[in-house]
Amino acid sequence: MQATQPFLVYRDRIGVASEIGFLRRQYIGFTRLYPVWTGRTLLPEATQVGDHLLRIGGDGTFGPLHRFLFRHFGRLPPAPFPKGVAILHAQFARGGALALPLVQAFGLRMVITLHGGDISKQKNWHGTVLARRWPDMVRE
């Protein structure tokens, strides 16, 4: 059976060499859903996680500005999101915080995989996007 229903997977930096195998294995058994990898940075190895990649803000002249406004102010740039998306899966707490504006703007359900260090490291809770958006993430 071919997967026909897209869902967004948010990872801010897609293609980090140490994460590629781990991330691919999380979705390899899906038969009805396929991941659309969504993030602000597509590294050279990003295509190794999957075929469907979406860079927030695009690659044009205003891409860096769009990504800055998205990260810090939750402003969504125009993006070609696939039709029929209902779920966003965020990797790590920071990914959930950064993806929150997407969830709210498109009325998506959100699932966040917390990996431990993203919650327990004190540096993540002082003046960060995660610290500011955490209460909204929990409510969502």
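The values are calculated or read from the model by the stated rules, or taken from the named source; none is laboratory data. What you see is a predicted model; the values in this text were computed from it and never measured. Ideal geometry is used to build each Cβ from the backbone, glycine not excepted, and the neighbour counts take in all protein chains shown. Note: accessible area is taken over every heavy atom of the protein model, side chains too, but ligands, DNA and RNA are not part of it. Shrake-Rupley method; radii C 1.70, N 1.55, O 1.52, S 1.80 Å.
Observations on the structure shown:
- All of ARG40, ARG11 fail the test of being touching a residue at least 60 places away in the same chain (Cβ under 8 Å) and within 12 Å of the chain's Cα centre (by Cα), apart from ARG11.
- When the residues of segment 113-140 are filtered to those that are among the hydrophobic types (A, V, I, L, M, F, W, C) and open to solvent by 50 Å² or more (accessible area, probe 1.4 Å), the one that is modelled with the lowest pLDDT is ILE119.
- Of the numbered criteria (1) closer than 21 Å to GLU140 by Cβ; (2) surrounded by 15 or more Cβ atoms within 10 Å (Cβ to Cβ), the one ARG67 fails is (1).
- Some residue of segment 122-137 being without any contact (Cβ under 8 Å) to a residue 12 or more places away in the chain and either in contact with a His (Cβ under 9 Å, 6 or more places away or on another chain) or closer than 24 Å to LEU23 by Cα (or both): no
- Those residues of segment 48-67 which are within 15 Å of the chain's Cα centre (by Cα) and not aliphatic (A, V, I, L, M), in sequence order: GLY50, HIS52, ARG55, GLY57, GLY58, ARG67
- Every condition in (1) farther than 17 Å from ARG94 by Cα; (2) in a helix (DSSP H, G or I); (3) open to solvent by 40 Å² or more (accessible area, probe 1.4 Å) holds for ILE20 except the one numbered (3).
- Qualifying residue in segment 84-97 (condition: open to solvent by 40 Å² or more (accessible area, probe 1.4 Å) and of a type in the set (S, T, N, Q)): no
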